[in-house]
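Quick notes on the structure that follows.
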Amino acid sequence: MHEMTLAESVVQIIETTALHENISRVVVVRLALGALSHADPDALRFAFDAAAAGGVAKGARLEISRAEGRAKCHDCSQEVAIDQLGAPCPDCGGYDLDLTGGDALRVVEMEGA
Amino acid sequence: MCATCGCGHSDVQVGGHTHAPGMDATRVIQIERDILARNDHAAAHNRDHFARDGVLALNLVSSPGSGKTTLLTRTIAAMDSPAMVIEGDQQTSLDADRIREAGAPAVQVNTGKGCHLDAEMVHRALHHLDPTPGTTLFIENVGNLVCPAGFDLGEGARVVILSVTEGEDKPLKYPDMFRTADLMVLNKSDLLPYVPFDADTCIEYARRINPKIEVLTLSALTGDGMGPWVDWIAGRR
């Protein structure tokens, strides 16, 4: 489960930021996990609670936004929405797609005091 | 509960988001940082190392049992330039032992409970190998078609190995791995007459995920198809 590694990275980013910003308690962490990213949100939530234990983000609420998958279709030259990797272009049925969005794994912001 | 931060305090001003006395006001801090930034930074450092030293690094990924280690031992024997190997497994040094027996320096990285190699592990291993210019460095990742996909190691190319005893629908089932690979090697081709694996369908599925993926079919055991693979490696230099 590589979400454990991802959760540890999130906690590390939060703890570094908290130290820098003089924050002693983090209450919310907001992440962007694109719908086509390689991370599973439920697994990441589970791992985050474990990774955050004992630190400044202990008990923090994880809010995850999921941007939809976007791709450029080289068969019909349209910019289209796709819901999974390997799915055909919804306009022309072609598979020659280049992902243009929806694969982000990002710590957006945190809230704390 | 405070609807802005979920802190459990009921006595809050909604507009200014300040809490009751005794509770410090929370503030929002923008971060906008990739979760994998640290790994990506280490990977970029490895990539610089490889470019500076004239080393071609190949990240080999697959399910367990695809024949990666046999492919490597046969590849090392077939190559006329230096090869080194970083072996990733949860435990044991069995694979590194096999590589050394085949005549190439090898470092075993045991990931313990970890399910993938990361760029920092590769960096540490590099210092044990110290590859000379012209070396091909094979990084045999942990056998796992899920977790290694997101972790850039700084490699020059990523090779996904699929054996014909697996399902031809693996590219559709594990798209993250096939999306990030430059080459798909279909191994154990000597077994094609005995298994229901449809290579054309597998290749079609892989190209649905990754239209640019190259494909080679070979048998590391019999040596059939090894020539084009060794040529492919030389062509990446």
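The values are calculated or read from the model by the stated rules, or taken from the named source; none is laboratory data. Remember, it's a predicted structure, so these values are computed and weren't measured experimentally. Every residue, glycine as well, gets a Cβ built from its backbone with ideal geometry; the counts of neighbours run over all protein chains shown. What goes into the accessible areas is simple: the full protein's heavy atoms, side chains included, and nothing from ligands, DNA or RNA. Shrake-Rupley method; radii C 1.70, N 1.55, O 1.52, S 1.80 Å.
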(message) Can you give me the long-range amide H partners of B:ILE31? Hydrogens built in the peptide plane at 1.01 Å from N, cutoff under 5 Å, separation of 5 or more residues or another chain.
(response) A:GLU109, A:MET110
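With every protein chain left in place, what is the accessible area per residue of the protein assembly as shown in square angstrom, probe 1.4 Å? The partial results should precede the final answer.
On the way: 15730 Å² over 350 residues.
For the protein assembly as shown, the per-residue accessible area is 45 Å².
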(message) List, by residue number, every residue in the stretch B:171-193 with a reduction of 40 Å² or greater in accessible area between the chain on its own and the complete protein assembly, 1.4 Å probe.
(response) B:ASP176, B:ARG179
(message) With a 1.4 Å probe and all protein chains left in place, how much of the accessible area of the protein assembly as shown comes from carbon and sulfur atoms, in whole percent?
(response) 49 percent
(message) Counting protein heavy atoms only and a 1.4 angstrom probe, how many square angstrom of accessible surface do chains A and B bury in total, to the nearest 100?
(response) 3100 Å²
(message) List the residues, sorted by chain then number, that are 5 or more residues from B:LEU137 or on another chain and whose placed amide H is less than 5 Å from its amide H.
(response) B:LEU56, B:ALA57, B:LEU58, B:MET84
(message) Taking a ≥ b ≥ c as the square roots of the Cα gyration tensor eigenvalues, with a/c under 1.5 meaning rounded and otherwise prolate when a/b beats b/c, else oblate, which class fits the protein assembly as shown?
(response) prolate
(request) For the stretch B:37-235, build the charge dipole from Cβ charges (+1 Lys, Arg; -1 Asp, Glu) around the Cα centre, then report which of B:ALA44, B:ALA125, B:ILE139 sits farthest towards its positive end. (result) B:ALA44
(request) Estimate the FRET efficiency between B:ASP34 and B:LEU191 by the formula 1/(1 + (r/R0)^6), using the beta-carbon distance for r and 30 Å for R0, to the nearest 0.05. (result) 0.15
(message) Quick check: the angle from helix B:226-235's long axis to the longest principal axis of chain B, C-alpha only, nearest 10 degrees?
(response) 50 degrees
(request) Take the alpha carbon gyration tensor of the stretch B:37-144, find the square roots of its eigenvalues, order them as a ≥ b ≥ c, and report rounded if a/c is under 1.5; if not, report prolate when a/b exceeds b/c, else oblate. (result) oblate
